[in-house]
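The values are calculated or read from the model by the stated rules, or taken from the named source; none is laboratory data. Nothing here was measured: the structure is a model prediction, and the numbers come from that model. In this analysis, Cβ positions are derived from the backbone assuming ideal geometry, glycine residues included, and neighbour counts consider all displayed protein chains. We work out accessible area using only protein heavy atoms, side chains counted, and drop any ligands, DNA or RNA first. Shrake-Rupley method; radii C 1.70, N 1.55, O 1.52, S 1.80 Å.
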Amino acid sequence: MNQKMVRVLFALLRSAACGEPMREEEKALFDEAFLPEMTHLAKLHDVAHLLAYGLHQNGLAAMEGGEIEMMKAVFRYEQLAYELEALCGALEASGVDFMPLKGSVLRRYYAEPWMRTSCDVDVLVHKEDLECAVSALVSKLQYVKKENGTHDVSLFSPAGNHLELHFDLVKERLSAKAIRLLSAVWEQSEATREGEHRYEMSDEYFYFYHIAHMAKHFSIGGCGLRPFLDLWLLDRLETADEKKRDELLSEGELKTFADVVRGLSRVWFDGEEADALSLQVQDFLLYGGVYGSADNRVALRQSEKGGRLGYFLSRVFAPRAKLMHYYPILEKHPWLMPIMQVRRWFMIFRPDVARMAKGELKANRRVDGNRSDEMRTMLKNIGLE
């Protein structure tokens, strides 16, 4: 991988996100020949609008289709901002405590809020208020409920925008100590001035949650580079208490992982020298896209399940926790597990599921034992095994 191209790409993304020009030594490294590869990576990670804006802001060669990418990002932001305001109003009027998550919070740290794109709106409510919250959104805003999960409910607005209404924070693939901390979210939050029922996490807790969310995605194939830009911006906050942040990370057994990803964010956005582990993590992430690549996911699962056959069997016979994601009824009626296992197999007739299964089977044949061993070693080195 061309490290000059990588350095220029991240310098442009940083420049756009924080509204500051590139350094002269970074601009001197720019080569128009980098544009095709930079554009490919930017689109893969849903930051093409930032690349286009960074090029324009620094007076460099224009990216093909860059204006369209920026307009699309602005349009997406306006749609989601409207949806968030409307649903917050509906929940407030219904007396439901709620808390916006992820991009809805992180946008404030970017030079312009439209720069932090998202695919959906994420909001947390108390589990006991979930039914009331769903009812309010369906009756007041004509949302359509689509799917129940183990930690959220999926709904769609009349305009087709996706809402993930969480009643629990991410807990998959984290330590028991991290899970215990994430379960205390409401104790670590307080009401805002924007409404009696609108809550916000403390800075250190939101930071911990962001790292935990990265770790979860990391351990199943990759998290994309956008969370690294979020992290770099969070690390720049002058009001942050680094000691409190690190105390929570240590308590939740995520300090080692946090140190690695913070180090890589400084390599990418501050131009620090990369070590061997940073370069390995970079290779793992860059061509994986927003949610990681199939090869990464399969390699990690092979390392857990003992090879290709173990991985294949784990995909055919899903564990109870996985089945509960699709069929929450198993929480109260675990005896239904064999029936739900068979029912799950019939999902293969859905075109989207069939495409995903076909891609993973191909990846399972491609990925060898050496790649799986490398993935396991990397996870151990970054504190996730």
Checklist entry - Ordering Met378, Met70 from largest to smallest accessible area (1.4 angstrom probe), what's the sequence? => result Met70, Met378
Item to check | Fraction of accessible area attributable to carbon and sulfur, the chain (%, probe 1.4 Å) | outcome: 52
Item to check | With DNA, RNA and ligands ignored, accessible area of Tyr143 (1.4 Å probe; Å², nearest 10) | outcome: 10
Checklist entry - Among Lys102/Lys171; Lys127/Lys171; Lys171/Lys243; Lys177/Lys244; Lys4/Lys102, which pairs are too far apart, with a Cα-Cα distance over 20 Å? => result Lys171/Lys243; Lys4/Lys102
Checklist entry - In the full protein assembly as shown, how much of Glu374 is accessible to a 1.4 Å probe, in Å² to the nearest 10? => result 100
Next on the checklist: Per q in 0.14 Å⁻¹, report the Debye log10 I(q)/I(0) for the chain, using one uniform scatterer on each alpha carbon and no solvent.
Outcome noted: -1.45
Next on the checklist: Using a 7 Å offset from the Cα along the Cα-to-Cβ direction at both Ser202 and Val342, what is the distance between the two label points in nm, to one decimal?
Outcome noted: 5.2
Checklist entry - If Glu331, Glu194 are ordered by their accessible area, calculated over protein heavy atoms with a 1.4 Å probe, which sequence runs from highest to lowest? => result Glu194, Glu331
Checklist entry - With labels modelled as points extended 7 Å from the Cα through the Cβ direction, what inter-label distance (nm, one decimal) is found for Phe156 paired with Gln57? => result 3.5
Checklist entry - What accessible area per residue, rounded to a whole number of Å², is obtained for region 43-88 using a probe radius of 1.4 Å? => result 52
Checklist entry - Which log10 I(q)/I(0) values, to two decimals, does region 49-194 give at q = 0.21 Å⁻¹ under the Debye formula with one point per Cα? => result -1.28
Next on the checklist: For the full complex of protein chains and a 1.4 angstrom probe, list Arg245, Arg198 by accessible area with the highest value first.
Outcome noted: Arg198, Arg245
